[in-house]
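The structure appears below as structure tokens.
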Amino acid sequence: MTTTIEAKPKRTRPQPVRLTVAAAARLRQIMADAEGKYQGVRVGVSNGGCAGMSYTMDYAEAPGPLDEVIEDQGVKIFVEPKAILFLLGTEMDYVREKLATRFVFNNPNQTSACGCGESVAITPAQEAE
């Protein structure tokens with residue numbers, strides 16, 4: 001008697017962070033100006049601020065041993081392992097305002113932000129059923 005085991009279709013992993021066209025263009029420019037010193041940008045979250053957490057963003061010379069590596073529109077993004085569940089589904093944008101230009105994180109897991117905009121409250125993403 002032969003037993004056949006059906007393989008379940010492989011689930012695609014959701015991308016933790018994706019870039020808007022504006023963010024990708026600005027990051028490509030930053031990387032070009034760095035003349036090869038950096039491979040990409042590392043994003044994450046840290047504890048602190050009046051709302052509880054802050055987004056972090058740093059230049060990255062190389063991926064960390066456990067970083068999730070994403071390539072989006074020609075830009076490498078290294079996501080810190082502890083931040084993945086907090087960032088799932090996040091769109092990183094680059095905005096130009098009257099008095100400032102900055103990167104912003106549009107995160108569906110963010111539940112609130114402090115009045116000054118420096119810190120946020122984020123609930124980890126839940127696995128879809």
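Values quoted throughout were computed directly from the atomic coordinates according to the rules given, and no laboratory measurement underlies them. Since the model is a prediction, treat every value here as computed from it, not as a measurement. Using ideal geometry, Cβ is built from the backbone for each residue, glycine included, and neighbour counts are taken over all protein chains shown.
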Calculated FRET efficiency for the pair Asn47/Asp72, C-beta based, R₀ 25 Å, to 0.05: 0.40
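Of the listed peptides 23-31, 69-77, what is their order by residue-averaged count of other C-beta atoms within 10 Å, with the highest listed first?
Descending packing order for the listed peptides: 23-31, 69-77.
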Separation of the Glu61 and Val21 label points, Cα + 7 Å toward Cβ, nm: 3.6 nm
Mean separation of Cα contacts under 8 Å (6+ apart) over length of segment 67-108, as relative contact order %: 28 percent
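In debye, nearest 20, what is the charge dipole magnitude of segment 17-122 about its Cα centre with +1 on Lys and Arg Cβ and -1 on Asp and Glu Cβ, if you could check? List each step's numbers first, then the result.
Numbers: 10 positive and 13 negative charges, 46 e Å.
Dipole size: approximately 220 debye.
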Rounded to 5, the percent of DSSP beta bridges in segment 17-122 classed as antiparallel: 80 percent
Ranking of Cys50, Cys114 by count of other Cβ atoms within 10 Å, fewest first: Cys50, Cys114
